[in-house]
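Just so it is clear, none of the values below were taken in a lab; they were calculated from the coordinates. Since we're looking at a predicted model, the values are computed, not measured. For neighbour counting, all protein chains shown are included, and Cβ atoms are generated from backbone atoms with ideal geometry for every residue, glycine included.
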Amino acid sequence: MDSEVSPKKSIIPEVYGQIVLPGAILIAAVLVSLTLIFTRGSSTGGSAQIGGDNQPAPVDLKIDKGDYVLGDKDAKVTIVEFSDFQCPFCRSFWSGAFAQIKKDYVDTGKARLVYRHYPLSFHPAAHISAQAAECAGDQAKFWEMHDKMFFEQSKLGQGTIEYGEAEIKTWAAQLGLNSGDFNQCLDSGKYSQKVDDDSALGSASGVSGTPTIFINGQRIVGAQPYATFKAIIDKAL
């Protein structure tokens, strides 16, 4: 979760009657259960929303000309990821399941992976990072910048890492990008609207936290284990 919810303290009156005490315990148990339900339901980067009889209908996500796609364009499985570069759970997905999915399914031609931006408002570097990835794409290094930003944050510790435009420009230079062109692109806000459009599409598709991944339109929320994604991809294949 991007924000931790402090557990609520249960206060049970010190009444030692054979009838009152069991009743109080029962009420406390119900309240705790409800608290857990609502907490899990509102968490960002929470549990996967998959399977079951109440699984929503697949979301039809069209692939646009300007999207960055890894893998065979004719692959049977399409994976669309809505992500935030400053989100620690997106970083966990990148270092974990993403790498394995790419190796087993994208690189083998079975699936294609599409990246879409969904910068969260409480991550101050998320929007400029999304623009930076697009600016790197102008020099054919979108995915290299994608990996670089996650990698550099992973070196700085756990949780949400604080960084800004200066660090982003340094990382771009380290990738060998033309600094003049990259900086001009970033400073101009050339891709700000594209990032906003991705976010709007995500919200319209039911995205409210990151990472949110759609596999042939089926939504999975959170940095889930590789096995979770593998089961759904294999079923789609």
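Figures for the structure shown
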item: For Leu186, Leu175, order by how many other beta-carbon atoms lie within 10 Å, fewest first; result: Leu175, Leu186
item: Within straight-line cross-link reach of Lys169, lysines at Cα separation under 23 Å, skipping those fewer than 8 residues along the same chain; result: Lys141, Lys148, Lys155, Lys190, Lys194
item: Signed unit charges on C-beta, dipole axis of segment 68-236, positive-most listed residue Gly180, Gln86, Thr170; result: Gln86
item: DSSP-assigned coil residues among trypsin sites (Lys or Arg not before Pro) in segment 68-97, each with at most 14 further Cβ atoms within 10 Å; result: Lys73, Lys76
item: Fewest-first ranking of Ser83, Ser179, using other Cβ atoms within 10 Å as the exposure measure; result: Ser179, Ser83
item: Computed label-point distance, nm, for sites Leu156 and Ser95 using a 7 Å Cα→Cβ extension; result: 1.4
item: Cβ-based exposure ranking for Tyr163, Tyr226, Tyr105, in which fewest neighbours within 10 Å come first; result: Tyr226, Tyr163, Tyr105
item: Burial ranking of peptide ranges 60-70, 152-162 (average Cβ count within 10 Å, highest at the top); result: 152-162, 60-70
